[in-house]
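Student: Mind having a look at this structure? Questions to follow.
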Amino acid sequence: MQILFIADPLDQFKTYKDTTFSMMREAARRGHRIFACEPHEMAWQGATVDARVKEIRLTGDAHAWYDVVDTRVAALTEFDAVLMRKDPPFDMEYINATWLLEIAERAGARVFNKPSAIRDHSEKLAIAEFGEFVAPTLVTRDAARLRAFHAEHNDVIYKPLDGMGGTGVFRIGPDGRNLGAVIEMLGENGARSVMAQRFIPDIKLGDKRVLVIGGKVVPHSLARIPQGNEVRGNLAAGGLGEARDLSARDRQIAEALAPILWQRGLLLVGLDVIGDYLTEVNVTSPTCFQEITAQTGFDVPKMFIDALELAV
């Protein structure tokens, strides 16, 4: 197959942990040809969406990890699979990219995850569909309601709807210290919506990333454990990643969501679970392949490329 990865700049990859790199490495091991571009390199003209793509060869070196074989402009329909792996922020340019990918889909391109499904599943708000698995949560621009939520629950996490890696996540304890400042900053004085969730004490045991691939559940999670006085478990915020077997509750949540999300065109989903509660449904560029594989021996990249080959 010829596989196009739409991703962040290749030179920024941290190959020792990057999930997109692990996908590329497994695909290359099977003899598939690897291409890459960034979203801004896509264009639509007439009936065609094309991109300036690099064909790359993996070198096996940890630093100079790829060579460019060729660079050309190619229609997205020329590839057997197009993988959208651009990290958030999920801003207007990200949405524009999903629209371009939809145009390419209509012309016959096979895009994963499905662009409309990426756009329709807010990584924070998608949990609203699965309320039986969700802790008390509020999303609003109304500062008074955000304050009242704290008065009701006493210990609350506040976060933006478009962040990643733990950016902009605040815990406000029972004393309410800095509550007003956090609401003003995150909500930009009422201009932006804010998510408030009752604090889940089990975060000390880790924010678990549960992967779902092709409608099937990976049997291990990566618990991202906050360090020191940090409330965030995200690896980008310094959390320690510890692979674990799924708990009964993890599996219940994942198996309930897996067929629904797969039917909607989401080949890869990363569910975030704290304790017994679903907190996010990640569909843009879920990670943790390498950490789970290294610690458990379960080959997540293999499972992913197996699923991709079946899907195309």
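The values are calculated or read from the model by the stated rules, or taken from the named source; none is laboratory data. The model shown is predicted, which means the values in this text are computed figures rather than measured ones. FYI the Cβ positions are ideal-geometry reconstructions off the backbone, even for glycines, and counts take in every protein chain you see. We work out accessible area using only protein heavy atoms, side chains counted, and drop any ligands, DNA or RNA first. Shrake-Rupley method; radii C 1.70, N 1.55, O 1.52, S 1.80 Å.
Student: Which condition number does ALA62 fail, the rest of (1) touching a Pro at 6+ places or on another chain (Cβ under 7 Å); (2) at pLDDT below 95 being met?
Tutor: (1)
Student: Being buried (at least 17 other Cβ atoms within 10 Å of the Cβ), within 19 Å of GLU123 (Cα to Cα), in contact (Cβ under 8 Å) with a residue 40 or more places away in the chain and of a type in the set (S, T, N, Q) is the requirement here; does GLN197 meet it?
Tutor: Yes: the conditions hold for GLN197.
Student: I'd like the full set of residues that are part of a helix (DSSP H, G or I), closer than 18 Å to THR284 by Cα and not acidic (Asp, Glu), limited to region 105-127.
Tutor: Answer for region 105-127, where residues must be part of a helix (DSSP H, G or I), closer than 18 Å to THR284 by Cα and not acidic (Asp, Glu): PRO115, SER116, ALA117, ILE118, ARG119, LEU125, ALA126, ILE127.
Student: How about region 1-92: which strands (runs of 3 or more DSSP E) wholly inside it have at least 2 residues that are open to solvent by less than 20 Å² (accessible area, probe 1.4 Å) and within 30 Å of THR167 (Cα to Cα)?
Tutor: 2-6, 33-37, 81-84
Student: While we're here: For region 247-273, which residues satisfy the criterion of being more than 16 Å from the chain's Cα centre (by Cα) and among the β-branched types (Val, Ile, Thr)?
Tutor: ILE253, ILE260
Student: Another question about this same structure. Of these, ILE213, ILE203, which one is of a type in the set (A, V, I, L, M, F, W, C), surrounded by 19 or more Cβ atoms within 10 Å (Cβ to Cβ) and farther than 19 Å from LYS124 by Cα?
Tutor: Answer to the selection: ILE213.
Student: Scan LEU138, LEU101 and give me the residue that is aliphatic (A, V, I, L, M), part of a strand (DSSP E or B), at pLDDT 95 or above and on the phi < 0 side of the Ramachandran plot.
Tutor: LEU138
Student: On to the next question. Select from region 4-45 the residues that are small (Gly, Ala, Ser) and under 17 Å from ASP67 (Cα atoms) and write down the one among them that is nearest to the chain's Cα centre (by Cα).
Tutor: Only one residue tops the list, namely ALA7.
Student: Restricting to region 294-312, give me the number of residues that are touching a helix residue (DSSP H, G or I) at 6+ places or on another chain (Cβ under 7 Å) and either surrounded by fewer than 19 Cβ atoms within 10 Å (Cβ to Cβ) or free of Cβ contacts under 8 Å to residues at least 40 places away in the same chain (or both).
Tutor: Residues flagged as touching a helix residue (DSSP H, G or I) at 6+ places or on another chain (Cβ under 7 Å) and either surrounded by fewer than 19 Cβ atoms within 10 Å (Cβ to Cβ) or free of Cβ contacts under 8 Å to residues at least 40 places away in the same chain (or both) within region 294-312 amount to 3.
Student: Restricting region 81-110 to residues that are of a type in the set (Asp, Glu) and touching an Asp or Glu at 6+ places or on another chain (Cβ under 9 Å), which is nearest to ASP18 (Cα to Cα)?
Tutor: The selected residue is ASP87.
Student: A follow-up question, please. For residues in region 141-167 being in a helix (DSSP H, G or I) and in contact with a strand residue (DSSP E or B) (Cβ under 7 Å, 6 or more places away or on another chain), which is surrounded by the most Cβ atoms within 10 Å (Cβ to Cβ)?
Tutor: LEU146
Student: Go through region 168-177 and give me each residue that's surrounded by 15 or more Cβ atoms within 10 Å (Cβ to Cβ) and closer than 14 Å to LEU146 by Cα.
Tutor: Scanning region 168-177 gives PHE170, ARG171, ILE172.
Student: Same structure again: Out of ILE305, ILE260, ILE292, report the one residue that is among the aliphatic types (A, V, I, L, M), under 17 Å from GLY206 (Cα atoms) and part of a helix (DSSP H, G or I).
Tutor: ILE292
Student: With respect to LEU186, determine if the residue is open to solvent by less than 40 Å² (accessible area, probe 1.4 Å) and either touching a residue at least 60 places away in the same chain (Cβ under 8 Å) or part of a strand (DSSP E or B) (or both).
Tutor: no
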